[in-house]
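Data first, discussion second: the structure below is written as structure tokens.
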Amino acid sequence: MATFLFNPEGAVIKNFLSKKAVFSYETLLLFFIIWYLFTIITYGTAVPAGLFLPGILIGCALGRVLGLFIENYIVQEIHPSTYAIIGAAAVLAGYSRLSFSLAVIMLETTENVNLFLPIIFALFVSTTTGSIFNDSLYVNAIKSKKFPFLSEKVPMCNELITAEQIMTMPVTSFYYIEKVETIIKSLENSKFDGFPIRNSNGQCIGLIARHHLMVILDNIEEIIKKTAKGGSKGKKIKASEYNPLESSINSSRTEDT
């Protein structure tokens, strides 16, 4: 037990993965309880304890217990260290929901390609079982901190809602070639952050942000001057011929000079 508690985490993991090391049920279960309790207590606090290495240690302990049980009562010609590796991968996948990336990490750690299929199977079972009951530990942490988070799945209450039901009618849009007066009126009379762009047939061909329109209007005189210098005076300017981001950068450069 002293080997587990008074050595660095890396040395403890090496002992778990060693084929020559021998541990008892009592030592492994006591180590599991201690690390599990300390991980729960330190999680979420301002202590650099981490979750990755504790997850490996907890999984190695549980895997060793299972391997020791199989060796004593089912099949004697096995190595409990193999189950320690699989247990570590299963525990990490259970709370983090990592899949193939975790399998690659564990394979690089052990340098044993023969464990690829057992690790993949353990990850699949662990991730599937965990997803049935709750979200990953990191997703729950984001929710507890009330950070904005876009879930992968659509909530059940929103599955039958269409875009038409949440849109504001009528839709404010612009044609591919539009008058400046029309754009200014639309910006003043609405608070939308984006406006659809339509072609001559009324089909939507794109979307322009409110910020881009504001930049274009702020630099409209400069655009007209550049157009006149280019020999296309009197020609209508298309939205695709102007880059508002580039214009804003150029205008800031002229102000600095």
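The values are calculated or read from the model by the stated rules, or taken from the named source; none is laboratory data. Only a predicted model underlies this, so the values are computations on that prediction, with no experimental measurement involved. Note that each Cβ is placed from the backbone with ideal geometry, even for glycine, and that neighbours are counted across all protein chains shown.
Quick notes
- Pairs, first not assigned by TED's automatic domain parsing to the domain that holds residue 205 and surrounded by 10 or more Cβ atoms within 10 Å (Cβ to Cβ) in the range 156-177, second in a loop (DSSP other than H, G, I, E, B) and charged (D, E, K, R), C-beta under 9 Å, six or more apart: none
- For residue 142, the criteria (1) assigned to a loop (DSSP other than H, G, I, E, B); (2) closer than 30 Å to residue 42 by Cα; (3) of a type in the set (A, V, I, L, M, F, W, C) hold in every case but one, which is (1).
- Counting only residues that are within 12 Å of residue 96 (Cα to Cα) and of a type in the set (Ser, Thr, Tyr), the range 129-154 holds 3 of them.
Each row is one residue, and each column tells you yes or no for (1) surrounded by fewer than 16 Cβ atoms within 10 Å (Cβ to Cβ); (2) modelled with pLDDT of 85 or more; (3) more than 18 Å from the chain's Cα centre (by Cα).
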position: 72; (1), (2), (3): yes, yes, yes
position: 80; (1), (2), (3): no, yes, yes
position: 86; (1), (2), (3): no, yes, yes
position: 92; (1), (2), (3): no, yes, no
position: 95; (1), (2), (3): no, yes, no
position: 107; (1), (2), (3): no, no, yes
position: 110; (1), (2), (3): no, no, yes
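- Considering each residue of the range 156-176 in turn, none proves to be in a loop (DSSP other than H, G, I, E, B), modelled with pLDDT under 70, of a type in the set (S, T, N, Q) and farther than 30 Å from residue 46 by Cβ.
- Qualifying residue in the range 95-102 (condition: part of a helix (DSSP H, G or I) and touching a residue at least 40 places away in the same chain (Cβ under 8 Å)): yes
- All told, residue 152 falls short of being on the phi > 0 side of the Ramachandran plot, out of contact with any strand residue (DSSP E or B) (no Cβ under 7 Å at 6 or more places or on another chain) and not basic (Lys, Arg).
- Some residue of the range 117-139 being more than 28 Å from the chain's Cα centre (by Cα), without any contact (Cβ under 8 Å) to a residue 24 or more places away in the chain, in a helix (DSSP H, G or I) and assigned by TED's automatic domain parsing to the domain that holds residue 26: no
- Test result for residue 40, of a type in the set (Val, Ile, Thr), surrounded by fewer than 12 Cβ atoms within 10 Å (Cβ to Cβ) and modelled with pLDDT of 85 or more: yes
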